[in-house]
Amino acid sequence: MAQPVLLLRAGLMSFLLLTGSSMNLKKYLVRALHRLQKGPGYTYKELLVWYCDNTNTHGPKRIIKEGPKKKLIWFFLTLLFASLVFWQWGILINTYLSYNVTSSLSIGFKTMKFPAVTVCNANPFKYSEVKHLLKELDRLIEAALERILQPTPGNGSENVSPPLDLELWNQIPLVLIDEHDKDNPIILDIFETNQTAGGNETAMGKETSVSNDTAWSYQSSVDNKTTGNETTAPPTPANMTSEEKKYKLAVKLCSHQGSDNCTYRNFTSAAQAVTEWYILQSTSILSKVPLHERIRMGYQAEDMILACLYGAEPCNYKNFTQIYHPDHGNCYIFNWGMDEEALNSSNPGAEFGLKLILDISQQDYIPYLSSAAGARLMLHQQKSFPFLKDQGIYAMAGTETSIGVLVDELERMGYPYSDCTMNGSDVPVKNLYSQYNTSYSIQACLRSCFQNHMVEICGCGHYMFPLPEGVSYCNNEDNPGWAYCYSSLRSSIKQRQICIDSCKETCNDTQYKMTISMADWPSEASEDWIFHILSYERDMSTNVTLDRNGIIKLNIYFQEYNYRTISESAATTIVWLLSSLGGQFGFWMGGSVLCLIEFGEIIIDSLWITIINVIGWCKGLKQRRAQARYPDAPPTVSELVEAHTNLGFQHEATGALPRDEALPPEPGTPPPNYDSLRVQPLDVLSPDSDAETDTLGCRDGAQHVLQLCHTMDQSLAMGPKLILTSEAAEFPFPNYNGNSKN
């Protein structure tokens, strides 16, 4: 009999404790929300009135304290000035987020590192070394020029020459474009002598295009002019009119040999067309030659560098580092800083700089590849690759060229002020020039990007740029349409813009500004003995093997012993932004940071009021749903206890007899009344209830439970005949046969 009582006591204790703890937690949260309210009430209107009355910002106080007319005026003024403040704040924040920079120039004096000096020959290869490779190409261009420039037919030398290799010609041919009829231009092949109008290609008929991006007009006569079905000789140049000079020499580029998908690259001069055609053809031929063979066919350092002097210290070709440059062949770099420390310059002036005497061997130039004679040189930073085609200068043969150098150091700010990079690690383009162990530069990035696109689109790499791994250079045999693909890619604005957007400038850069002056060297009075000495030192011969056309003297030195630093700094800082924001707020509203805190406080209070209202609305919705589901009153605690302890007790079902007509209880002690243990539901609690009233039901319930448990312990000790009574309840021992024992 003790076991059911113990279970009953444990169940009551757990039920009441859970109910009381849940109610206390909700009441604590509600009171915590209320304590966060610093205003006098919990409505939006009361909170706004409290803010206007207590804020330190000018204007809101006058709105609630003045009369109706002044209240309206002050409300309008406050709204106007607040709008001006927010408008000015927007401008200031937008200016700050634009991350503008200011440039400052400063001049300093220090011991400066002498720049790296790269010297190359304008001609990439000795003609005597590559003549066997370019023999057929030279015969083709000579025959083509003879047919173009010959004033009368039949006088050419092709009748006694060996047969030409027209297969090489047809891969990338030169053509004449007759533009007498601009709507239907006629394209003439130079080596086809029996052409008719019906057999000629037309730009419209075969859907070919004549590209005029580099257009040129060849204004000389051609050996044959086709009119109708007759082939007639053109008039001589002396009798030629301007209307008869409408011929253009162009390079024909097709996607593959025999294809109708062709384009024509035109030039303003025949010399430009011949040079461009020869470069394309020689590129295809030389791309198949191994690198070590190309280096051997170029100019060697011991033959090119005749004399060297740095300051007061003598030097020679062994102090230069050799690299292979596709445009200029073998190039030699002084003070590159790869294997040794960079040299410092002690003083400005020509006597403290670098002096060189070079032999360019102009008599061994390739006639159709290099139209300029001289030396190509460039000043650049240590460990950077020299891009002579972009930044190099020429030194003329037979002169002494003096180059005075000024140093400009550029210091750019990085992200977010500019899109520059420190070392190129954040650039998405793979740097193909890293194989030279050189530093990053935007020129290297742009060329690497172009080569990557060339490999991706054309299937091979261009001869003028380094190759990615596993890729070969383009040539006419393996890639017949490479020249067409290369020309289309080079003229594509879209591909160019992709590379420009992908590459970045370096944040720190050093630029060398040069002042160049020239004079004839050697003079007529001294050229005999100078050439004798230089010839003897180079060839160990008393015969003069050098002349004015092949000798260049260079003087490279610091013009002034100072440097200029052009550095960027942020035009707007966070200090500037805060002071500007505070100045505008104080000028228009008379406010400060504390006023902003007050404004933030009212926003938080408004959010809490909104949360409380939402919680109240949710609780009301929950109550309405519960009432709709259970229209009758819920069972009391006494009914629940009786249902668990008296097996004969059955709760009345819905629709049974009303409470007033219920059957009388069975004989014996009546069931206990536990109505005093009912706890007030949370839903009837008001937010402003007193703390004592809020927890009264919980405390009363706990006292009754303790008293009930104490009485039950006593009843178990006194025996079954004891009747328990208390203020709260009378609890008999149930008779499991249906009757109670007295």
Accessible area (Å², 1.4 Å probe, nearest 10) - residue 515: 70
Accessible-area ranking of 589, 396, largest first, probe 1.4 Å: 396, 589
Cut-off 9 Å between beta-carbons: net charge of the residues surrounding residue 306, Lys and Arg +1, Asp and Glu -1: -2
Relative contact order (%) - the range 476-615, alpha-carbon pairs under 8 angstrom, separation at least six: 8
Listed peptides 483-489, 552-558, 466-472 by packing density, highest first (mean Cβ within 10 Å): 552-558, 483-489, 466-472
Surrounding net charge for residue 340, when Lys and Arg each add one and Asp and Glu each subtract one, Cβ distance under 14 Å: 0
Largest to smallest accessible area among 114, 75 [probe 1.4 Å]: 75, 114
Over 29 Å between alpha carbons, listed pairs 126/318; 182/389; 135/389; 45/70; 126/504: 182/389; 126/504
Cα→Cβ-extended label distance, 7 Å offset, between residue 624 and residue 508, nm: 7.1
Pairwise FRET efficiency - residue 525 versus residue 562, Cβ, R0 = 56 Å, nearest 0.05: 0.90
Å² of accessible area per residue within the range 431-518, as computed with a 1.4 Å probe and no ligands counted: 49
Net charge of Cβ neighbours under 15 Å - reference residue 474; Lys, Arg +1; Asp, Glu -1: -1
Label-to-label distance, nm, for residues given as residue 145 and residue 500 (7 Å Cα→Cβ offset): 3.7
Label point distance in nm, residue 339-residue 257, each placed 7 Å from Cα along Cα→Cβ: 4.5
Largest-first ordering by accessible area, 1.4 Å probe, given options 325, 180, 132: 132, 180, 325
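The values are calculated or read from the model by the stated rules, or taken from the named source; none is laboratory data. As the structure is a computational prediction, the values presented were derived from the model and not from experiment. We place every Cβ from the backbone using ideal geometry, glycine too, and count neighbours over all the protein chains shown. Please note that ligands, DNA and RNA were not included when accessible areas were found on the heavy atoms of the full protein model with its side chains. Shrake-Rupley method; radii C 1.70, N 1.55, O 1.52, S 1.80 Å.
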